[in-house]
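The values are calculated or read from the model by the stated rules, or taken from the named source; none is laboratory data. The model shown is predicted, which means the values in this text are computed figures rather than measured ones. Ideal geometry is used to build each Cβ from the backbone, glycine not excepted, and the neighbour counts take in all protein chains shown.
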Amino acid sequence: MRKLTFENNPRLSIRNHLDNYEKLEKIGEGTYSSVYKAIDTNSDQFVALKKIRLSDGEEGIPSTTIREISLLKDLIHPNIVKLLDVIHDNHKLYLVFEYVDHDLKMILDTYLGQGFDLFEAKSYLYQLLKGLAACHADKILHRDLKPQNILINNEGVLKLADFGLARTFGIPYSTYSQDVVTLWYRPPDILMGNKKYTTTIDMWSVGCIFAEMLRGKPLFAGNTNNDQLKKIFMVFGTPNENTWPGVSRFPEFRKSFPKYQGIDLRSLVPKIDDNGFELLTAMLQMIPSNRITSQQALSHPFFNDIPSELRNMRQRQSFN
């Protein structure tokens, strides 16, 4: 992994001690990091400490971490988790975030596979789209939207988190890695090797999450890339040049794909109403350019009855 140093990144404000924070318990473990619940001893507020593992014998900070810090320092929005501090202490790097009580997967698990009622799902979906629209307006792709990366506090406020795979984009669109997005939330074009994508990558994931909130279980739970494509094709039909012009040019497209005619998506999401189904269908378009944008989705009639306090939510705290 390419390394970057602090000196070359004047946008970062790095502190050199952990004295202000007391670890309470480990709440998460990943390949490259551990997350702890801690308390800020100055304010008595809970925080989340994300400890980044730095490779022995190498100088500098992983470029993915530099990118996450840089993006979150500028992304100030009530539906995006706040980065409060960055600490370099004894050859370890800590990112200090506001503490949020739960993630969406934890909450769904408590519903024992029953899913949310329509209005609860609508509230969370609206906040998810608000946070995502702020990212997209700042030319940022999240690229790893899934229930585990969506945090919800005890007041029901939703916040996008884990920007480790996020990156900026421009016009004309560049070629990016296809090794992004957790498998169950990865769109069919990426599964078939598309490396030239934009905000449409996130909108497919949002559609999958919306359906999961109502179903109580993932919409497409494949085991491999091919199995994931098979599950998508079984619902939407196997694409060809007539239904998706240019699809055969994707590197992983195969003429030998099993031929499915597709089924009625609504049969998989029975709780949904007409407006909700129209919005879900607009997100889960096989052809990327046909997917609705996050900003367009916020204006959809499905959200006509969203409470004013969600529409007018404001950010209260910025990066120190």
**OP:** Considering only the stretch 168-195, state which residues are at pLDDT 85 or above and surrounded by fewer than 18 Cβ atoms within 10 Å (Cβ to Cβ).
**Re:** Thr168, Thr182, Leu183, Gly193, Lys195
Subject >> Condition met for Glu22 (in contact with a strand residue (DSSP E or B) (Cβ under 9 Å, 6 or more places away or on another chain), part of a strand (DSSP E or B) and at pLDDT 80 or above) >> reply: yes
Original post:
Conditions: (1) modelled with pLDDT of 95 or more; (2) more than 19 Å from Leu129 (Cα to Cα). Glu278 meets all but one. Number of the miss?
Top reply: (2)
Subject >> Residue match in the stretch 228-251 (condition: acidic (Asp, Glu) and under 25 Å from the mean Cα position of the chain (by Cα)) >> reply: no
**OP:** Test Tyr124 against the criterion of being in the same structural domain as Asp202 (by TED's automatic domain parsing) and under 22 Å from Pro187 (Cβ atoms), and give yes or no.
**Re:** yes
Subject >> Among the residues listed as Lys159, Lys82, the single one being assigned by TED's automatic domain parsing to the domain that holds Gly30 and surrounded by 15 or more Cβ atoms within 10 Å (Cβ to Cβ) >> reply: Lys82
Subject >> Exclusive hit being closer than 23 Å to Leu158 by Cβ, modelled with pLDDT of 95 or more and out of contact with any helix residue (DSSP H, G or I) (no Cβ under 9 Å at 6 or more places or on another chain), set Ser299, Ser308 >> reply: Ser299
**OP:** Filter the stretch 25-40 for residues that are of a type in the set (Val, Ile, Thr) and under 17 Å from Leu83 (Cα atoms) and give the result.
**Re:** Val35, Ile39
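Among the residues of the stretch 203-237, which ones are of a type outside the set (Lys, Arg) and part of a loop (DSSP other than H, G, I, E, B)?
Gly216, Pro218, Leu219, Phe220, Ala221, Gly222, Asn223, Thr224, Gly237
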Original post:
In the set Asn154, Asn149, which member is outside the structural domain of Val35 (by TED's automatic domain parsing), crowded, with 21+ Cβ neighbours inside 10 Å, on the phi < 0 side of the Ramachandran plot and without any contact (Cβ under 8 Å) to a residue 60 or more places away in the chain?
Top reply: Asn149
